[in-house]
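Right, one structure below, let's go through it.
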Amino acid sequence: MKNELNFKIVGMDCSEEISAIKKALARFTIDENQLNFDLLNGKLTINNHSTPLEETDILTAIQQTGLEAIPWESFKAAPQTEKSQSNSRTYTTLIAFVMLMAGFIFHGFTQGFGVAFGLQQVNMPMPILTAVCYLLASLIGGWFIYPKAWLTLKNKRADINLLMAIAVIGAIAIGQWFEAGSVTVLFSIALLLETWSVNRARKAVQALLDLSPKVAWLKDPITEKWLQRSVKEIAVGQTVMIKPGETVPLDGEITKGQSYINQAPITGESVPILKSIGDPIYAGTLNQEGSLEFIVKHKNCQTVLAQIIRKIEQAQSKRANAEKWVDKFASYYTPTMILIAIAIACFPPLFLQQPLLASIYQGLVILVIACPCALVISTPISIVAGLSCAARHGILIKGGVYLELPAKLKALAFDKTGTLTEGKPTVQAIMPLTNHSQEGLLKIAGALEFYSEHPIASAIMTKAKQQNILIQAADDFSAITGKGIEGKIDGQYYWMGSHKLLLEKGTSIDIAEAEQAAKALEQTAHTVVIIGRDNHVCGLIGIRDPIRPELNNLFADLRKVGLKHLIMLTGDNNGTAQALAEQIDLSEFHAELMPQDKMNHIERMQHDIGEVAMIGDGINDAPAMACANLGIAMGVIGSDVAIETADVSLMTDDLSKLPWLISHSHRVMRVIKQNITFAILIKCIFLILAISGLATLWMAIAADMGASLLVIFNGLRLLRYHQPR
């Protein structure tokens, strides 16, 4: 007996497929709690089942839903099936679109574009080539739709695929070939966008996995030699070494050496942190300077980075569990309309002695009215237009569901470094003391930092270059453990370091003026570098990650479009975060957060406030973005993982586009509601007329085509740029 079965479900991209699989497996007395759907990886796990289950039975049941299931181990050995189907979806959608356009253009040139649009009637048949093109567009575009619709019908349930199939069949039956092709192509595009969104998220997880090295230098406990071993073989408690420039392979605690570690992938801190004996280090972070030895604290599957990957997968999967309104409506609308049509055709002749042919005719009118072309088109056309408009203005939105979400937001959480700030520390203040000049201070600092690749050193060297100051490396350079550096310049020793080093120097020199200046700079979110000699302090350099210029009006504009809760979540220290929050007039912030902490804050906000968006640029922000209702990434400065995980990317890193995005989302939702309301209203009016015997077949056809054209034109209005209200 197997207590766990794992399957790859090819084509599982949304909650519709998950719902179908649950119903198909219900006959095996499997509780929903035993089914774990990993939408991100297209994986189904059946856990803790009390009775034996055969893989072949599960595969057969899933195939009855129109999906392809593969045992997980078989898929891992040959993972090309999913890629092949993804490519097939793209090709069929593209070919269907080409066929639709070819038929429309030929129809327009032969009989006029008014006729092609259905606005005019001519006493001649449609050109055969046009009809063939429209038919091919309908068949090819629905290649992955019609089999599911048939299986849905066999299983006595209605979903969006059945709704779509009825729309196409109804349009063809009444001779509206162009309408049939249009509905199929638009629906195929919507499904393709959904598939692409999930595939990009899968690539994001793979990029995360690539952050951590596959091998590491392991110390043999007997020979004490260093051997390269796979990280999967390394156990907790063993000693590992990392060299300068290498990525940390596992979580651990340093036992020998010290070095600056770039922790941005995990904590998002703006500058590398000096790590020494006893300090923790994390897999996926970068060792910049010295060699380190550390004891492994977590196996490769339990590192902080591995937890980030799992959190992204879980959050993406949870997001897909909500049913869409159209699916729910379709499950009632389609069978109801079919039953009404049958009743209208059969009831009067049987019980009211009405003429049979007249009743059948009225039943056909009801079926024409039931053709939900305008309803099916109403949302996809609005979504495609809304996505296109946003893309033209530098906002990449990964699917229709994420275009709708900004209109529902109640709160927006910001990362700090690289999001509210530019992510590039620069020299903001130079304060010479004891008769030194700014130029002289930069020259000393540049000489001491000449060979360093630390971001602070880069900021100093960039400032010196801007002022055309010639820098020569200091002699007898050495590090002051954990506090700074020192070296000889023109025969004189100079030291440079942190506030902590200044306090130590206070036992031999006067530091009162320098300490007062350092505190003032630190209160304004500067990282302070102090330079001195053996008998005095030469001066201070304040380095800060500058805030983005568009923040001046951003928060006021966001509040105008309805966002009242604006919060900063950062891995930086509390003092820096508080200084920045005061500078940009942000009332709420939380500092010194690990990725899990950011996720916890997002979940708490969702519970207390409602829908929350998270905007960030780093790998450490990815779990919070995946957990949030809407993840927004900085598209230029942002990491690949953050961009792939996010639902929306600001391709120019311009935060001032956020109010526009929210306003645009409200506009899209208004248009969608207008279209759906209008389409349903037309159906209701003609349903009443048909039941009353006042509607003819041609009236129903004209109304259906007119409704389709109106919702199309109304949706296309979204292509125009608009200013936020």
Residue satisfying all of: in segment 235-247; surrounded by 16 or more Cβ atoms within 10 Å (Cβ to Cβ) and at pLDDT below 90; farthest from Pro280 (Cα to Cα) among these: Glu246
When residues of segment 271-287 are limited to those that are among the β-branched types (Val, Ile, Thr) and modelled with pLDDT under 80, the one nearest to Glu644 (Cα to Cα): Val271
Subset of segment 52-67, residues open to solvent by 80 Å² or more (accessible area, probe 1.4 Å) and touching a residue at least 40 places away in the same chain (Cβ under 8 Å), comes to Pro52, Gln64
Could you run through segment 678-702 and say how many residues are at pLDDT 70 or above and surrounded by 15 or more Cβ atoms within 10 Å (Cβ to Cβ)? 11
Taking the condition of being out of contact with any strand residue (DSSP E or B) (no Cβ under 9 Å at 6 or more places or on another chain) and among the polar types (S, T, N, Q), how many residues in segment 446-465 meet it? 1
Which count do you get for residues in segment 232-266 that are within 31 Å of the chain's Cα centre (by Cα), closer than 14 Å to Ser212 by Cβ, in a strand (DSSP E or B) and among the β-branched types (Val, Ile, Thr)? 1
Anything in segment 483-500 that is touching a helix residue (DSSP H, G or I) at 6+ places or on another chain (Cβ under 8 Å) and among the small types (Gly, Ala, Ser)? List them, or say none. Gly484, Gly487
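One line per residue, one yes/no per condition, for (1) in a loop (DSSP other than H, G, I, E, B); (2) buried (at least 17 other Cβ atoms within 10 Å of the Cβ); (3) modelled with pLDDT of 65 or more:
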| position | (1), (2), (3) |
| --- | --- |
| Glu269 | yes, yes, no |
| Glu289 | yes, yes, yes |
| Asn300 | yes, yes, yes |
| Lys318 | no, no, no |
Only one of Leu420, Leu403, Leu442, Leu412 that is modelled with pLDDT of 80 or more, touching a Gly at 6+ places or on another chain (Cβ under 7 Å) and open to solvent by less than 20 Å² (accessible area, probe 1.4 Å): Leu403
Any chance Leu558 is over 20 Å from the mean Cα position of the chain (by Cα), open to solvent by less than 50 Å² (accessible area, probe 1.4 Å) and within 22 Å of Thr527 (Cβ to Cβ): no
Somewhere in segment 43-63, is a residue at pLDDT below 80, in contact with an Asp or Glu (Cβ under 6 Å, 6 or more places away or on another chain) and not small (Gly, Ala, Ser)? yes
Is it fair to say Ala626 is at pLDDT 80 or above and touching a Ser or Thr at 6+ places or on another chain (Cβ under 7 Å)? yes
Can you name every residue in segment 449-482 that is in contact (Cβ under 8 Å) with a residue 60 or more places away in the chain and either touching a helix residue (DSSP H, G or I) at 6+ places or on another chain (Cβ under 7 Å) or of a type in the set (A, V, I, L, M) (or both)? Ile456, Ala459, Ile460
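Residue by residue, here is whether (1) surrounded by fewer than 16 Cβ atoms within 10 Å (Cβ to Cβ); (2) in contact with an Asp or Glu (Cβ under 7 Å, 6 or more places away or on another chain); (3) modelled with pLDDT of 75 or more holds:
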position: Val98; (1), (2), (3): yes, no, yes
position: Pro127; (1), (2), (3): yes, no, yes
position: Ile145; (1), (2), (3): no, no, yes
position: Ala149; (1), (2), (3): no, no, yes
position: Asp159; (1), (2), (3): no, yes, no
position: Ile172; (1), (2), (3): no, no, yes
position: Trp177; (1), (2), (3): no, no, yes
position: Val185; (1), (2), (3): no, no, yes
position: Ala190; (1), (2), (3): no, no, no
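The values are calculated or read from the model by the stated rules, or taken from the named source; none is laboratory data. As the structure is a computational prediction, the values presented were derived from the model and not from experiment. Cβ sites come from the backbone with ideal geometry, for glycine too, and all protein chains shown count toward neighbours. Accessible surface is based on the protein model in full, side chains and every heavy atom, while ligands, DNA and RNA are left aside. Shrake-Rupley method; radii C 1.70, N 1.55, O 1.52, S 1.80 Å.
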